[in-house]
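Working notes, structure below.
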Amino acid sequence: MREVHVIKPECREIEVASGGMKRVAGVSQCLVGAQGIHLALAEISPGKSSSPHRHTNCESAIYVLRGKGRFMVGEDLTKAIEFGPGDFIYVPQNALHQPVNDGNEVVEFIVARNSPVEEVEEYEGD
C-alpha cells in the first residue's frame, strides 16, 4: 500500500528554471513517486518571463496567487492574454506559451500537470 506524504517547505524539489521563471515542486515523481500528477509553485520576477515553450506530454492547470502579467500564446506567440490574482489558466498539451511578468511585483503561480515528468520543447522562433 502506498503512503500519504506531507512535504515540508525545506524538502521541496528545486526544478530547472525556464528563462526568468523559477519552479519548486512539492509533489513530484522524485519526491513521492507520483505517477500521474505534478504540483509546484512558480515565480517570475518583475520584467522577466519564462522561455517560450510547449509541453509535449501533458496539460497544465495554473492558479495565479499574486502578481499580474500576460500569457503569450498562439503559433508565433502573437496573442496576449492578461492574468492576475485569482485567475485559473489552462494550457493544453502542445500549446505554445510564455508567461510574462510586466508588472511591478513577483508573479506567483500554483502549477499542476497530469504527468509526473514534463517533456518540454523550447521554441526558437522563425
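Just give me the residues in the stretch 100-126 being among the acidic types (Asp, Glu) and under 30 Å from Gln35 (Cβ atoms), in sequence order. Matches in the stretch 100-126: Glu108, Glu118, Glu119, Glu121, Glu122. Pull up the stretch 13-39, narrow it to residues that are free of Cβ contacts under 8 Å to residues at least 24 places away in the same chain and assigned to a loop (DSSP other than H, G, I, E, B), then point me to the one that is farthest from Phe71 (Cα to Cα). Among those residues, the one meeting the criterion is Val16.
Conditions tested, residue by residue: (1) surrounded by fewer than 19 Cβ atoms within 10 Å (Cβ to Cβ); (2) outside any strand (DSSP E or B); (3) without any contact (Cβ under 8 Å) to a residue 24 or more places away in the chain.
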| position | (1), (2), (3) |
| --- | --- |
| His5 | yes, yes, no |
| Leu41 | yes, no, no |
| Glu75 | yes, yes, yes |
| Ala80 | yes, no, yes |
| Gly86 | yes, yes, yes |
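Okay, residues lined up against (1) charged (D, E, K, R); (2) at pLDDT below 95; (3) in contact with a Lys or Arg (Cβ under 8 Å, 6 or more places away or on another chain):
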site	(1), (2), (3)
Ile81	no, no, yes
Asp87	yes, no, no
Val111	no, no, yes
Glu121	yes, yes, yes
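Asp102 fulfils the conditions (1) in contact with a Gly (Cβ under 7 Å, 6 or more places away or on another chain); (2) part of a loop (DSSP other than H, G, I, E, B); (3) within 22 Å of Gly125 (Cα to Cα); (4) modelled with pLDDT of 95 or more except for a single criterion, (4). In the set (1) assigned to a loop (DSSP other than H, G, I, E, B); (2) surrounded by fewer than 19 Cβ atoms within 10 Å (Cβ to Cβ); (3) touching a Gly at 6+ places or on another chain (Cβ under 8 Å), the condition left unmet by Glu108 is number (1). Just give me the residues in the stretch 46-73 being farther than 16 Å from Ala112 by Cβ, of a type outside the set (Lys, Arg), surrounded by 14 or more Cβ atoms within 10 Å (Cβ to Cβ) and touching a residue at least 40 places away in the same chain (Cβ under 8 Å), in sequence order. Correct list: Pro46, Ser49, Ser50, Ser51, Pro52, His53, Gly67.
The values are calculated or read from the model by the stated rules, or taken from the named source; none is laboratory data. Computed from a prediction, not measured in an experiment: that's the story for all the values here. Neighbour counts are summed over all protein chains in view; Cβ atoms, including those assigned to glycine, are modelled from backbone coordinates with ideal geometry.
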